[in-house]
Amino acid sequence: MTKPFDSSHLPDVFRGSEARKAGLITASQLRGSSVRRLFQDVYTRADVEVTHELRCRGAALLAPPEAVLTGRSAATVHGVELANPSDPVEMIVPEKNRFGPIVGIKVRRTEVKPEESRPWNGIRIARKRRIALDLLLRLSPRKSSWTRRLRIGVPDLDQFMRANKLTDLHLNGEFYGRRNRGIRLARHALRLSDPRAESPPESELRIVLAAGGITATPQVEVRSRVGRFLARLDLADEKFRVAIEYDGRWHNTPKEQAYDRKRRRRVEAEGWRFVIVTAEDLANDLRGVVDAVWRARRNAFSPLKAPRPGQEGVRMARV
């Protein structure tokens with residue numbers, strides 16, 4: 001019986017060709033079950049958990065020193081987990097660099113200023129303001145509609161800004177005065193961003209509503225007429241007292257469901273109307289979501305002030 005290969009002497013991520021030259025492993029052992037391949041010629045031990053950060057360090061072993069880790073990958077390394085373990089590692093390189101293509105590594109060629117990154121694991125990693133920009137530039141070239149790309153990019157930007165206490169004032173200088181491909185969409189996404197959003201679905205829902213002509217504010221506090229705190233709403237159209245909530249936060253146990261019903265009754269007693277949006281709605285019925293909010297807004301009018309049919313603005317616009 002063949003004795004299993006003991007890989008404990010190997011680092012958690014390594015180049016297979018270099019390990020072979022050093023006599024640490026053979027070609028047949030690289031094909032065995034004691035190691036796992038991450039990229040061509042890049043491996044990890046089978047006992048090591050594969051995280052996106054590990055894959056980033058593996059990709060760095062292949063990349064030229066001027067490559068910059070950025071986008072969702074750099075955000076995840078910085079502690080904002082926007083990338084799943086199996087997602088492609090995102091890098092940018094100067095326009096004249098010929099690095100790639102490599103399966104599992106997404107490389108963009110673009111202008112990179114030296115001050116926009118710092119050294120990291122033999123390559124470079126983008127600084128936070130450049131990461132914010134690349135979270136949006138990564139969506140170019142166009143492969144889907146303007147609104148669809150905003151539904152992907154703005155939630156990422158919201159979460160990154162929230163985690164790093166950034167505002168649009170911090171980022172304006174990074175987004176203006178440059179001509180990168182996709183910069184118009186990036187600037188528009190910055191205008192739509194709001195770090196008060198607490199989850200990606202809430203951010204996406206806000207963009208869907210904006211495309212339907214509805215401005216919704218995240219994390220609005222509702223108080224009673226005497227100033228007592230009643231609830232904090234996912235999203236709210238404050239002018240018309242319409243609360244828009246993503247179903248998923250409280251609906252885990254009967255106790256939480258009962259609390260949520262009581263909470264909503266308190267808010268409704270102050271003249272608010274609720275529109276509840278499910279994950280299925282957000283995935284498959286965007287027009288229905290927007291229609292529901294417009295109906296709630298119309299119900300806030302007196303009969304003399306109600307908008308005429310056709311004024312609701314439910315056509316999904318380019319926000």
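The values are calculated or read from the model by the stated rules, or taken from the named source; none is laboratory data. Being a predicted model, the structure only gives us computed values, none of them experimental. With ideal geometry, Cβ positions are generated from the backbone for all residues, glycine too; neighbour counts draw on all protein chains shown.
Applying a threshold of 8 Å to beta carbon distances and a minimum spacing of six or more residues, or different chains, the list of pairs starting in the range 290-301 at a residue that is at negative phi and touching a residue at least 12 places away in the same chain (Cβ under 8 Å) and ending at one that is of a type in the set (Lys, Arg) and crowded, with 21+ Cβ neighbours inside 10 Å is empty. Screening the range 133-232 for helices (runs of 4 or more DSSP H) wholly inside it with 3 or more residues that are of a type in the set (Asp, Glu), at pLDDT 95 or above and outside the structural domain of residue 113 (by TED's automatic domain parsing) returns no ranges. Counting just the residues of the range 180-200 that are touching a residue at least 40 places away in the same chain (Cβ under 8 Å) and surrounded by fewer than 20 Cβ atoms within 10 Å (Cβ to Cβ), which one comes out nearest to residue 232 (Cα to Cα)? Residue satisfying both the conditions and the ranking: 199. I'd like to know if the range 265-288 contains one or more residues that are basic (Lys, Arg), modelled with pLDDT of 90 or more and in contact with an Asp or Glu (Cβ under 9 Å, 6 or more places away or on another chain). No - not one qualifying residue is present in the range 265-288. Can you find a residue in the range 172-184 that is under 20 Å from residue 78 (Cβ atoms) and among the aliphatic types (A, V, I, L, M)? Checked against the condition, which is being under 20 Å from residue 78 (Cβ atoms) and among the aliphatic types (A, V, I, L, M), the range 172-184 yields no hits at all.
Scanning the range 265-281 for residues that are surrounded by 18 or more Cβ atoms within 10 Å (Cβ to Cβ) and either touching a residue at least 24 places away in the same chain (Cβ under 8 Å) or under 18 Å from residue 229 (Cβ atoms) (or both) returns 267, 272, 273, 275, 277.
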